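Below is one structure, written out as C-alpha cells, with a few remarks after it.
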Amino acid sequence: MAAAPSFAAQSTLAPAVLPPDRAAAYYHYSLAHLYEDMVTNYGRPEYAAQAIEEYKLALQDDPTSKDLATGLADMYFRLGRIRDSVLAAQDMVKRDPSNLEAHKLLARIYVRSLGDMDQGTQTDQLLKQAIGEYEKIVELEPANVENRLMLGRLYSADHSELKAKQQFEAAHELEPASEDAVLNLARVYSEQGQMKQAITALLAVPEDHRSVKEEISLGSLYDQQMNSKEAIAAYRRALALEPDNLDAERNLAQDLLVANQLDEALKTYQDIAAADPQDPIAYIRISEIQRRRGNYDDALATLKKAKALVSDSLEVSYNEALIDDSLGRLDDASSVLQKLVAATYHPDGNYTDAEKSNRVLFLDREANVFREQDKTDEAIAAYRQMIDLGGDIAVRGYQFIIETYQESHQQDKALATSKEAAAKFPKKHELTLALAAEMVDAGDVDAGMKLAKDQLTGGPNDREVHLQIAHMDTRMHRFAEAKVELDKAAELTHTPEEKAILAYYRGENFDREKNEADAEKQFRSILAEDANNAMAMNYLGFMFAEEGVKLDEAVTLLKHAVEIDPQNGAYLDSIGWAYFKQGHYDRAEQYLQQAILRMPQDPSLHDHLGQIYEKTDRLKQAAAQWEIALEGYRHSNPADYDPADLTRMEKHLESARVRLAKKDGQADSSQAAPDTKQ
C-alpha cells in the first residue's frame, strides 16, 4: 500500500486553475454598477467602497476580464483615487501591453493631472508619461484622428514641433475636413515660420466648407503677412457665417483701420461698441478715426467714454496726447508723453515684449513732438532711451537720431552718429548703409560708395543694398547708375510690398532726371495695387503741383494722403502747394502753417509760405519766410535742394526788399510833404 504524500510534497504541486465563473462575475459587476450609479448620479459617496468591493469580487470570479479590470481602474479614477487607478491600469498593461483601454485610461489620467498642476519637474514628468501612452495608443489605433490630434498637442506642449507637425499632417490626411486637424496644422506651420504652408493648409478646405474658426485663423495669418486685403475678406466670411462673432468683428475693424477704410472701420467699431458697451478699445479706435478726420471735439468726447471704463489706461493717455498734438497744443502733448515715458521706465532695464513695445511708442512720439517744437537735443535724448532697450529697437533709435540731425542741418553730428551706430552694430547692414550715405553726403563719395558695395554678399539682403546704392546715385544725379542698381534689386524683388518700394525708387529716379512721364507711370503702378499707399499719393500729387498740371487730381490724391496721415508735415505741405497752384491761397496758407508746425526746420516749407505771402501782397512776411528758407538751405546738403530754387528765391527776396524799400520811402515822403491845402 503506497504511503500518502507528505504535506510538504503536496504543497509543491501547481494549484488547480479554476474556470472563470462568469455568472457570479456578472452578478458582482451588476451590483458594482448599481453602487457606482448611486455615487455618480445620485450623490451618495458612501456607496463608493461597496462599488469597489463588488468590482474586486467580480474580478475574483473572472480574473482575465479586461472589461472588469478597466471598470475598476476607471472607478478609482472617477472617485479621485488616482494612485489606485494608475496602479490598476499599469498592472493591466503589464499583463497585456496591447490593452488599448488601459493605455487610454493611463493617458487620460496623465493629461487630466497635467491640467491640475503648476509648472515644474512633476509636470514635465507627467507630460512625458502622457506622450508615451499616446504614442502607444497611436501605434495600436493608427487610423484614429482624435488620438493623433492629442499626441500632436502634447508634442507641441513639449516643444517637439517637428513631431507635432507629423501627427497633425497624419490627422489631416486621415480626415481632410477635420477642423481640429486643419487648425492645429496651420498653427504649427505658423509657429515654425512656414506662413505659406499654414495658409495653404487652410485654403485647402473649400471656401463653402470653412468654419468660422478656420476663417478667423486664416485672417490672422494674413495679418501676420501684412496682407490686410485678404485678412479683411477672411473676417468678412467669418461674420457671414456668424454675424455676432465679436472676435471676427474686432479683427475686421482693426484691419479696415490699417487699410485706411475709415468709413467702414468707424461703422464696425460703432457696432462693436453697441454690442459690448464695456469695450474700451472700440471707443479708443472710434476716437482715433474722429481725430484723423479732424473732428477733435468728437474725438475727445469718445475718448472720455473709454477713460470712464479704464481710467488708468496708457493707451487713453497716449491718444489724448495725439489729439493735443493735432490741435497744435505741443506743450500739453509733450507733458502727457513725458509722463507716459516716466511711467514705463524700469530702473533694472528688464522689460517684457509688451512693455518694450509701449515704451518705444511713447518715446518715438515724444521725440516727434520735440522735433515739432524744434527741440533737437530733447528729441535726441528720447531716442537715446530707445537705444538703451537694445536689439532692433536700438537700431531704430540710431536711425531716428541720424534723421533728426539731418533734419536740423547738423550733418557733422549725423555722420558721427552713423559711425557710432555702425561700430556698435557691425552686423546690421542698414546702419552701415546709413554710414555710407552720410559719407557720400559729406563729400567722401568714393569711400562711401565702396562701403555700401562691400555690403553685397550674394544673398537676399543684397536687395536692400542695391536700393540704397541706387538712392545715393539718384541724389548725386547719377541716374543711369541708379537704374542699373534698381534692375539688380528687381531680380531679388518678389512680394507686392517689395515691388511697391522698387517702383517708388524708380519713380523718384525718373522724377529727379526730369522724366515726369515715366515717374508718373511708376507711382500709378503702386496705386493700382494699393489705392491707399499714402507715400505714392503724396509724391505723385506733389509732382503734379510742381508741374502745375492735373491739379484737381493732385488735390484729390493729397486729400487722401492727409486723411491717412493727418500729422505728416510733408503731406500737409504738398496739399498746401497744390491749393496754391490752383489759386486757393487761403486754403494753401492754412495747410502750410500746419506743415511748418510739424516740420519747422524744412526750408522748402518756408519758401512755399513765402510765395503765398507774396501772392497775397504781404511782402514783409514773404521776405521773412525766404530769409528763414535761405538760411536753412545754406546749412543743408546740396543734394537736398535744386540750386535753381535757391537762385529764384534769392531774386524774389531781393525784389521784395526793393519793393518794401520803395513803399517805406513813399510812406516817408507822404509824411514829410507840406500841406499845400489852405
Which listed residue is modelled with pLDDT of 95 or more, surrounded by 22 or more Cβ atoms within 10 Å (Cβ to Cβ) and touching a Lys or Arg at 6+ places or on another chain (Cβ under 8 Å), from Ile401, Ile393: Ile401
The one condition in (1) in a helix (DSSP H, G or I); (2) within 21 Å of the chain's Cα centre (by Cα); (3) surrounded by 15 or more Cβ atoms within 10 Å (Cβ to Cβ) that Asp332 fails to fulfil: (2)
Residue check for Tyr571: at pLDDT 95 or above, among the hydroxyl-bearing types (Ser, Thr, Tyr), under 30 Å from Asp255 (Cα atoms) and buried (at least 16 other Cβ atoms within 10 Å of the Cβ): yes
Complete set of residues in region 356-382 that are farther than 13 Å from Leu314 by Cα, in contact (Cβ under 8 Å) with a residue 40 or more places away in the chain and surrounded by fewer than 19 Cβ atoms within 10 Å (Cβ to Cβ): Gln373, Asp374
Which listed residue is of a type in the set (Ser, Thr, Tyr) and either within 30 Å of Ala274 (Cα to Cα) or in contact with a His (Cβ under 8 Å, 6 or more places away or on another chain) (or both), from Ser211, Ser160: Ser211
Failed item, numbered, when Thr302 is tested on (1) farther than 21 Å from Asn358 by Cβ; (2) surrounded by fewer than 20 Cβ atoms within 10 Å (Cβ to Cβ); (3) not basic (Lys, Arg): (2)
Qualifying positions in region 157-211 - under 24 Å from the mean Cα position of the chain (by Cα) and among the hydroxyl-bearing types (Ser, Thr, Tyr): Tyr189, Ser190, Thr200
Selected residue [part of a helix (DSSP H, G or I) and over 28 Å from the mean Cα position of the chain (by Cα)] from Glu485, Glu497: Glu485
Some residue of region 614-636 being in contact with a Phe, Trp or Tyr (Cβ under 9 Å, 6 or more places away or on another chain), small (Gly, Ala, Ser) and surrounded by fewer than 19 Cβ atoms within 10 Å (Cβ to Cβ): yes
Within region 224-238, tally of residues that are surrounded by fewer than 20 Cβ atoms within 10 Å (Cβ to Cβ) and either within 16 Å of Ile272 (Cα to Cα) or of a type in the set (Ser, Thr, Tyr) (or both): 1
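Taking the conditions exactly as written (under 17 Å from Glu207 (Cβ atoms) and not charged (D, E, K, R)), does Leu262 satisfy them or not?
So Leu262 does not fit the description; no.
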Helices (runs of 4 or more DSSP H) wholly inside region 420-479 containing at least 3 residues that are closer than 16 Å to Asp640 by Cα: 429-441, 462-475
Answer from Leu266, Leu221 - the residue that is crowded, with 21+ Cβ neighbours inside 10 Å, in a helix (DSSP H, G or I), on the phi < 0 side of the Ramachandran plot and not small (Gly, Ala, Ser): Leu221
Scope region 338-355; condition surrounded by 10 or more Cβ atoms within 10 Å (Cβ to Cβ), assigned to a loop (DSSP other than H, G, I, E, B) and polar (S, T, N, Q); matching residues: Thr344
Some residue of region 343-357 being closer than 27 Å to Ala259 by Cα and among the hydroxyl-bearing types (Ser, Thr, Tyr): yes
Helices (runs of 4 or more DSSP H) within region 517-632 that include 2 or more residues in contact with a strand residue (DSSP E or B) (Cβ under 7 Å, 6 or more places away or on another chain) and among the polar types (S, T, N, Q): none
Condition met for Arg598 (basic (Lys, Arg) and touching a residue at least 40 places away in the same chain (Cβ under 8 Å)): yes
Residue within region 252-261 that is outside any loop (DSSP other than H, G, I, E, B) and over 18 Å from the mean Cα position of the chain (by Cα) present: no
For Tyr383: the one exception among (1) closer than 23 Å to Ala301 by Cα; (2) touching a helix residue (DSSP H, G or I) at 6+ places or on another chain (Cβ under 7 Å); (3) in a helix (DSSP H, G or I): (1)
Filter result for Thr12 (among the polar types (S, T, N, Q), under 51 Å from the mean Cα position of the chain (by Cα) and modelled with pLDDT under 70): no
Residue count for region 240-259, restricted to those that are touching a helix residue (DSSP H, G or I) at 6+ places or on another chain (Cβ under 7 Å) and either of a type in the set (D, E, K, R) or buried (at least 20 other Cβ atoms within 10 Å of the Cβ) (or both): 11
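The values are calculated or read from the model by the stated rules, or taken from the named source; none is laboratory data. In this text, all values refer to a predicted model and were calculated from it rather than measured experimentally. Positions of Cβ are backbone-derived with ideal geometry, glycine not excepted, and every protein chain shown enters the neighbour counts.
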